[in-house]
Amino acid sequence: MIDLYYWPTPNGHKITMFLEEAGLDYQIVPVDIARGEQFEPGFLAISPNNRMPAIVDQATLDGGKPISVFESGAILLYLAEKTGRLLPKDIRGRTAALEWLFWQVGGLGPMAGQNHHFSRYAPEKISYAIERYVKETNRLYGVLDRRLTAQPYLAGREYSIADIAAYPWIVPWQLQSQDLAQFPALARWFAEIAARPGTARAYARAEAFRSTPVVTEASRKILFGQTADTVA
């Protein structure tokens, strides 16, 4: 059994996508980020960066005490290695999967996240910031499209954790001021992953939770106003 500390954000969806695809037993422990539950001491013991998702694996391969893992990319890699699923076994495929996994966690996620922030959540609309992140998101969509023109999935011919990492950040393409019609290979890949039963089951799990945080002045301070002093 795996305990998944979760809220229905793109990073949260990554983990339910893997768990559903691999058919692993798991239970969701909700972490309502708009209410500040990510700062509770029990959660910080698992995820010291006070961000979800995080997991606790109660049935480790070594038979020892439970293992906790934070950061979505690290969780995907841990689960792939634990199960032997969704990570190519040959050195070239594995290297490609890890390249694109790290590309997502270091590029697509942060840039699209800033796009979301300045376009939707910032208390004042800063045109320079909105334009900068909309354009950078567009550039990254182009990077994906070029890659997917050459092969069906990011790591080559196999669906992998790289695709799982990237997909949830493309789901809100309209909110990111993008047009999938501009990127035919990306649109083909997106439709194929959306049609996978594991993807459908993962997103169905999100329906039990509020998928869009209500951004009030209080929740804005929780979500965006933290410093080292306030989380100590």
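The values are calculated or read from the model by the stated rules, or taken from the named source; none is laboratory data. What you see is a predicted model; the values in this text were computed from it and never measured. No Cβ is skipped: glycine too gets one built from the backbone with ideal geometry, and neighbour counts run over all protein chains shown.
Here are a few things to note about the model shown:
- Taking helices (runs of 4 or more DSSP H) as the structural unit, those lying wholly within the stretch 122-202 and holding at least 1 residues that are out of contact with any helix residue (DSSP H, G or I) (no Cβ under 6 Å at 6 or more places or on another chain) and basic (K, R) correspond to 127-150, 184-194.
- Scan the stretch 125-155 for residues that are of a type in the set (G, A, S) and surrounded by 17 or more Cβ atoms within 10 Å (Cβ to Cβ) and the total you get is 1.
- Checking each residue in the stretch 161-179 for being surrounded by fewer than 17 Cβ atoms within 10 Å (Cβ to Cβ) and either of a type in the set (S, T, N, Q) or under 21 Å from T149 (Cα atoms) (or both) picks out V171, Q174, S177, D179.
- Matching residues in the stretch 51-72 - criterion: being within 20 Å of the chain's Cα centre (by Cα) and either of a type outside the set (S, T, N, Q) or buried (at least 18 other Cβ atoms within 10 Å of the Cβ) (or both): R51, M52, P53, A54, I55, V56, D57, V69, F70, E71, S72
- When I161, I130 are screened for being on the phi < 0 side of the Ramachandran plot and in contact with a Leu (Cβ under 7 Å, 6 or more places away or on another chain), only I161 passes.
- When the test is whether a residue is crowded, with 16+ Cβ neighbours inside 10 Å, more than 30 Å from L24 (Cα to Cα) and not charged (D, E, K, R), Q104 does not pass it.
- Test result for I222, among the β-branched types (V, I, T), part of a helix (DSSP H, G or I) and at pLDDT below 95: yes
- Enumeration of residues in the stretch 180-191 that are without any contact (Cβ under 8 Å) to a residue 40 or more places away in the chain and either in contact with a Gly (Cβ under 9 Å, 6 or more places away or on another chain) or surrounded by 13 or more Cβ atoms within 10 Å (Cβ to Cβ) (or both): L180, A187, F190
- Flag if M111 is surrounded by 19 or more Cβ atoms within 10 Å (Cβ to Cβ) and either hydroxyl-bearing (S, T, Y) or assigned to a loop (DSSP other than H, G, I, E, B) (or both): no
- Filtering A155, A162 for residues that are within 16 Å of the chain's Cα centre (by Cα) and within 22 Å of I75 (Cβ to Cβ) leaves a single hit, A162.
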